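Heads up: the structure comes next, in structure tokens.
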Amino acid sequence: MVNQKTVHFVSLGCSKNLVDSQVMLGTLQNKGYEISQESSSAEALIVNTCAFVEDAKRESIRNIIEFGEEKKDGQILVVSGCLSQRHSAELEAEFPEVDLFIGTGEYNKIDQFLEAKKEGSLEKKSFVEIPKYIHTEFDHRLNTSPKHMAWLKVSEGCNRKCTFCIIPTLRGSLRSRSVESLKVEAENLVKSGVKELNIISQDLSSYGVDLDQDKNNLLELLKALETVKDLKWVRLFYYYPDELTDEVIDFMAKSEKVCAYLDMPVQHFSEPVLRRMNRRITTERIHNRITRLREKLPNIVIRTSLIVGFPGETEEDFDLLMEGVRKAKFDHLGVFKYSDEEGTPAYRLEPKNSQETIDERFNKVYELQEEIVSGMNHEKYVGQTLEVLVEGYHEETDLLLKGRFYGQAPDIDGCVIINDTDDKPVKPGEMVKVEITDTFSFDLVGKLI
């Protein structure tokens with residue numbers, strides 16, 4: 001039996017897509033919809049998809065197929081997000097069981113589309129336009145993350161023209177929210193119990209260029225967040241090294257809330273590859289920024305992302321990549337296998353590397369990073385006492401608590417495993433002191449003080 005005004009929701013892909021999902025859920029909640037954990041009894045089944053790379057597209061399609069097979073009479077199947085934005089025409093032909101396809105700029109109208117579908121007043125299935133929407137502090141958002149943390153999306157879209165990236169096509173051109181708007185949302189999130197805000201966008205370094213930059217830039221945003229009462233941690237993501245200013249570095253160094261943590265995607269260390277990627281930076285400049293960060297913030301934790309197997313990447317280019325990783329000694333590193341994405345300039349670039357070569361290079365970078373992290377990078381924490389935000393029990397044990405210190409971001413970095421609590425009751429969301437006693441792969445191990 002299908003329960004009216006209920007929705008079962010699946011959100012795929014990145015944290016930015018998750019924020020869109022939370023806005024959709026908040027919009028529906030305001031219209032009287034209840035969230036159902038069971039797909040079998042929900043009136044609406046919604047899959048908010050990702051289409052950034054081939055693996056993400058496959059995962060999205062698997063979910064569509066599964067829901068399509070489970071769908072009952074009276075249920076409405078909705079496919080939203082990046083896959084709809086990119087392939088709505090093909091999807092409509094391939095999956096007739098899907099009732100609605102909604103693009104990345106139309107998700108705020110989810111309640112209108114569902115009501116119109118139930119009334120029988122829709123004349124088409126697909127609603128995909130050039131993305132222009134971005135939510136504000138006035139849009140209700142249901143934070144589905146753990147109560148103590150939230151993602152704060154400061155802008156949408158991207159004006160960069162990286163040859164490997166489909167994001168401008170999927171998300172449109174850059175559009176930023178004002179500092180004032182973001183501060184209000186931050187205050188509302190903190191009032192709901194959030195202690196940690198993770199600042200995200202497609203390109204944090206370009207935040208505010210489309211607004212009055214005297215009032216709306218990253219430095220002014222950080223100053224505003226510094227004044228938010230009871231906010232403990234602010235962490236920065238997707239800040240490109242070519243735009244990293246000394247002013248921001250200096251503010252991070254003196255801030256009480258902005259963590260000594262920076263996600264700074266470099267993608268490569270070979271300048272010929274960087275040029276083919278249309279990245280506006282040199283290898284020397286990347287290393288200079290890393291050096292500057294570590295001079296001003298000796299305890300800085302740096303995360304980056306790299307692509308292996310880019311078209312034309314030679315053995316010499318790959319050696320330069322490995323050399324750059326050894327020199328930079330990143331604390332966290334995400335390595336991606338190049339994926340040929342139709343619609344990007346890189347799709348037309350030659351010569352292509354074989355999948356075997358790409359896989360081999362991926363494994364080499366991963367193994368090198370594991371050596372770096374399990375060696376000096378993690379060993380330096382042994383004997384230190386760190387402030388840790390408790391998240392719950394470790395999945396593999398169900399007995400040991402786990403949490404994160406300032407240098408570990410949600411979902412993508414390791415954790416702190418707390419193996420000795422001395423029977424002290426600790427709840428998720430609490431900040432505790434943990435003495436680090438050991439390391440384990442990408443995780444730290446310690447005891448509660």
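Below are the figures for this structure:
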| item | result |
| --- | --- |
| Members of region 315-336 that are surrounded by 18 or more Cβ atoms within 10 Å (Cβ to Cβ) and not hydrophobic (A, V, I, L, M, F, W, C) | Asp317, Gly324, Asp331, His332 |
| Residues (at pLDDT 95 or above and of a type in the set (D, E, K, R)) located in region 231-246 | Lys232, Arg235 |
| Some residue of region 408-426 being of a type in the set (Val, Ile, Thr), modelled with pLDDT under 80, surrounded by 15 or more Cβ atoms within 10 Å (Cβ to Cβ) and farther than 21 Å from Ala260 by Cα | yes |
| Among the residues listed as Glu387, Glu396, the single one being out of contact with any Asp or Glu (no Cβ under 9 Å at 6 or more places or on another chain), surrounded by fewer than 18 Cβ atoms within 10 Å (Cβ to Cβ) and at pLDDT 90 or above | Glu387 |
| Test: residue in region 123-135 that is more than 28 Å from the chain's Cα centre (by Cα) and surrounded by 16 or more Cβ atoms within 10 Å (Cβ to Cβ) | yes |
| Verdict on Arg361 being surrounded by 20 or more Cβ atoms within 10 Å (Cβ to Cβ) and at pLDDT 95 or above | yes |
| Single residue of Met24, Met1 found to be aliphatic (A, V, I, L, M) and modelled with pLDDT of 95 or more | Met24 |
| Test: Ile76 is closer than 15 Å to Lys125 by Cβ and touching an Asp or Glu at 6+ places or on another chain (Cβ under 7 Å) | yes |
| Any hit, region 165-172, residues being surrounded by fewer than 16 Cβ atoms within 10 Å (Cβ to Cβ), assigned by TED's automatic domain parsing to the domain that holds Arg348 and within 16 Å of Lys153 (Cα to Cα) | no |
| Residue within region 150-158 that is over 28 Å from Thr227 (Cα atoms) and outside the structural domain of Ser88 (by TED's automatic domain parsing) present | yes |
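The values are calculated or read from the model by the stated rules, or taken from the named source; none is laboratory data. It should be emphasised that the depicted structure is a prediction, and the values quoted were computed from it without experimental measurement. Methodologically, a virtual Cβ is constructed for each residue, glycine included, from the backbone with ideal geometry; neighbour enumeration extends over all protein chains shown.
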